[in-house]
């Protein structure tokens, strides 16, 4: 478990992280979301002792990261996949990491096979593609078989097969009872991978909830109705206490009801319907709705 307790970080007069508190629990993938400049990378660096907090603290299973013996066995992290000596082979890079934490040499081959780099183990990392470098960074995070895993943008550079692979890997690691914390800008992928969300903006906590509840709380869900008699349908809905809006295409948008209830209402009033469908926002739409006022830079509008 990771406990973030009133965490803050200032750089001069700039507040990067402002009193963050949340808990990351095992057994689920937790997504970490926020606009550029929200403080996500700074927060993750403080989790790993790479930046010193101005205030507050982060505990990993009750201890600060800097006090963990053989930390690669407790916490695996990939914050910057390109942080590899280009002259070392993939095998040599992982072997060096393994030897610093008394991890058996055999584990190096195991993780290379897990990430699909076994056939290029002897090649210099400096010649790797972005996707291969990303896989090597993931291998380094898995090296100590740790119960806690942190990834910053793990999908970067991966092809479609690689995206599906990392999605299944993260969900599988969480299913084994590990803490899996993933920062990402890809909303569609986060929606498919994560069960829980931590969302921040301008260094402050905006949401700590499940993906489903986050979308429900930050979007307008409605039932779309297409009918040859929209005025009668609208009148029937209003009498039933349902708020209705007319869409540009002539369909009706009914709020505060379910598709099944609306279908029964139409039948009871002898109304013909051509479509009754629930319309739910995506995670991306809900995220934009919540964080719109916390975006530091906007295209065409300069800095906010």
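Please work out which residue is nearest to residue 26 (Cα to Cα), limiting yourself to the stretch 167-184 and to residues that are modelled with pLDDT of 95 or more and part of a strand (DSSP E or B).
Top of the filtered list is 179.
Sort out which residues of the stretch 63-83 are in a helix (DSSP H, G or I) and surrounded by fewer than 17 Cβ atoms within 10 Å (Cβ to Cβ), and write them in order of number.
Initially, the stretch 63-83 is screened for residues in a helix (DSSP H, G or I), giving 65-67, 71-73.
Residues satisfying the conditions are 66, 67, 73.
Given the options 152, 249, 208, name the one that is over 18 Å from the mean Cα position of the chain (by Cα) and surrounded by fewer than 21 Cβ atoms within 10 Å (Cβ to Cβ). So that I can check it myself, show each step before the final result.
Values: 152 fails: over 18 Å from the mean Cα position of the chain (by Cα); 208 fails: over 18 Å from the mean Cα position of the chain (by Cα).
It is 249.
Please give the number of the condition residue 121 fails out of (1) in contact with a strand residue (DSSP E or B) (Cβ under 7 Å, 6 or more places away or on another chain); (2) modelled with pLDDT of 90 or more; (3) farther than 29 Å from residue 56 by Cβ.
With respect to (1) in contact with a strand residue (DSSP E or B) (Cβ under 7 Å, 6 or more places away or on another chain); (2) modelled with pLDDT of 90 or more; (3) farther than 29 Å from residue 56 by Cβ, residue 121 is out only on (2).
Could you tell me whether the stretch 130-137 includes any residue that is in a helix (DSSP H, G or I), under 21 Å from residue 33 (Cβ atoms), at pLDDT 90 or above and out of contact with any helix residue (DSSP H, G or I) (no Cβ under 7 Å at 6 or more places or on another chain)? Break it down into steps so the answer makes sense when it comes.
The initial filter retains those residues of the stretch 130-137 that are in a helix (DSSP H, G or I), namely 130-137.
With the extra rule that they be under 21 Å from residue 33 (Cβ atoms), the set shrinks to 134, 137.
Among the residues that remain, those that are also at pLDDT 90 or above are: 134, 137.
Still in the list and also out of contact with any helix residue (DSSP H, G or I) (no Cβ under 7 Å at 6 or more places or on another chain): 134, 137.
Among the residues of the stretch 130-137, at least one is in a helix (DSSP H, G or I), under 21 Å from residue 33 (Cβ atoms), at pLDDT 90 or above and out of contact with any helix residue (DSSP H, G or I) (no Cβ under 7 Å at 6 or more places or on another chain), which makes the answer yes.
Return the total of residues in the stretch 110-120 being touching a helix residue (DSSP H, G or I) at 6+ places or on another chain (Cβ under 7 Å) and assigned to a helix (DSSP H, G or I). Walk me through how you get there before you give the answer.
Keep residues of the stretch 110-120 that are touching a helix residue (DSSP H, G or I) at 6+ places or on another chain (Cβ under 7 Å), which gives 111-112, 114-118, 120.
With assigned to a helix (DSSP H, G or I) added as a condition, the list becomes 111-112, 114, 118, 120.
Residues flagged as touching a helix residue (DSSP H, G or I) at 6+ places or on another chain (Cβ under 7 Å) and assigned to a helix (DSSP H, G or I) within the stretch 110-120 amount to 5.
Looking for whichever is outside the structural domain of residue 256 (by TED's automatic domain parsing) and more than 18 Å from residue 23 (Cα to Cα) here; the options are 195, 161. Which one fits? If you could, list the steps in order and put the result at the bottom.
Working: 195 fails: more than 18 Å from residue 23 (Cα to Cα).
That would be 161, the only listed residue that is outside the structural domain of residue 256 (by TED's automatic domain parsing) and more than 18 Å from residue 23 (Cα to Cα).
Restricted to the stretch 254-304, and to residues that are under 19 Å from the mean Cα position of the chain (by Cα), assigned to a loop (DSSP other than H, G, I, E, B) and more than 15 Å from residue 34 (Cβ to Cβ), which residue is modelled with the lowest pLDDT? Talk me through it step by step, then tell me what you get.
First, the residues of the stretch 254-304 that are under 19 Å from the mean Cα position of the chain (by Cα): 281-292, 294-295.
So of that shortlist, the ones also assigned to a loop (DSSP other than H, G, I, E, B) come out as 281-282, 295.
Then keep just the ones that are more than 15 Å from residue 34 (Cβ to Cβ); that gives 281-282.
Values: 281: 70, 282: 77.
Filtering first and then ranking leaves 281.
For every residue, the table says whether it meets (1) farther than 14 Å from residue 200 by Cβ; (2) buried (at least 17 other Cβ atoms within 10 Å of the Cβ).
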residue: 3; (1), (2): yes, no
residue: 12; (1), (2): yes, no
residue: 21; (1), (2): no, no
residue: 35; (1), (2): no, yes
residue: 57; (1), (2): yes, no
residue: 61; (1), (2): yes, no
residue: 85; (1), (2): yes, no
residue: 93; (1), (2): yes, yes
residue: 112; (1), (2): yes, yes
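Filter the stretch 270-292 down to residues that are within 16 Å of residue 226 (Cβ to Cβ) and in contact with a helix residue (DSSP H, G or I) (Cβ under 9 Å, 6 or more places away or on another chain) and give me whichever is surrounded by the most Cβ atoms within 10 Å (Cβ to Cβ). I'd like the intermediate steps shown before the answer.
Filtering the stretch 270-292 down to residues within 16 Å of residue 226 (Cβ to Cβ) leaves 271-279.
Keeping just the survivors that are in contact with a helix residue (DSSP H, G or I) (Cβ under 9 Å, 6 or more places away or on another chain) gives 271-273, 276-278.
Details: 271: 17, 272: 11, 273: 17, 276: 20, 277: 12, 278: 13.
Taking the candidates together, the pick is 276.
Please pick out the residue among 54, 43 that is in the same structural domain as residue 143 (by TED's automatic domain parsing) and closer than 17 Å to residue 149 by Cβ. Spell out how you get there, then give the answer.
Working: 54 fails: closer than 17 Å to residue 149 by Cβ.
Checking each option against the conditions leaves just 43.
Against the conditions (1) in contact (Cβ under 8 Å) with a residue 24 or more places away in the chain; (2) surrounded by fewer than 20 Cβ atoms within 10 Å (Cβ to Cβ), where does residue 43 fall short? Just the number, please.
Of the numbered conditions (1) in contact (Cβ under 8 Å) with a residue 24 or more places away in the chain; (2) surrounded by fewer than 20 Cβ atoms within 10 Å (Cβ to Cβ), the odd one out for residue 43 is (2).
Can you find a residue that is under 17 Å from residue 44 (Cα atoms), surrounded by fewer than 18 Cβ atoms within 10 Å (Cβ to Cβ) and touching a strand residue (DSSP E or B) at 6+ places or on another chain (Cβ under 8 Å) anywhere in the stretch 194-204?
Yes; the residues of the stretch 194-204 include at least one that is under 17 Å from residue 44 (Cα atoms), surrounded by fewer than 18 Cβ atoms within 10 Å (Cβ to Cβ) and touching a strand residue (DSSP E or B) at 6+ places or on another chain (Cβ under 8 Å).
Is it the case that residue 26 is in a loop (DSSP other than H, G, I, E, B) and under 23 Å from residue 193 (Cβ atoms)?
Details: in a loop (DSSP other than H, G, I, E, B): yes; under 23 Å from residue 193 (Cβ atoms): yes.
For residue 26, the condition - in a loop (DSSP other than H, G, I, E, B) and under 23 Å from residue 193 (Cβ atoms) - is met.
The values are calculated or read from the model by the stated rules, or taken from the named source; none is laboratory data. Since the structure is predicted, the reported quantities are computational estimates derived from the model, not experimental observations. Cβ: placed from backbone, ideal geometry, glycine included. Neighbour counts: every protein chain shown.
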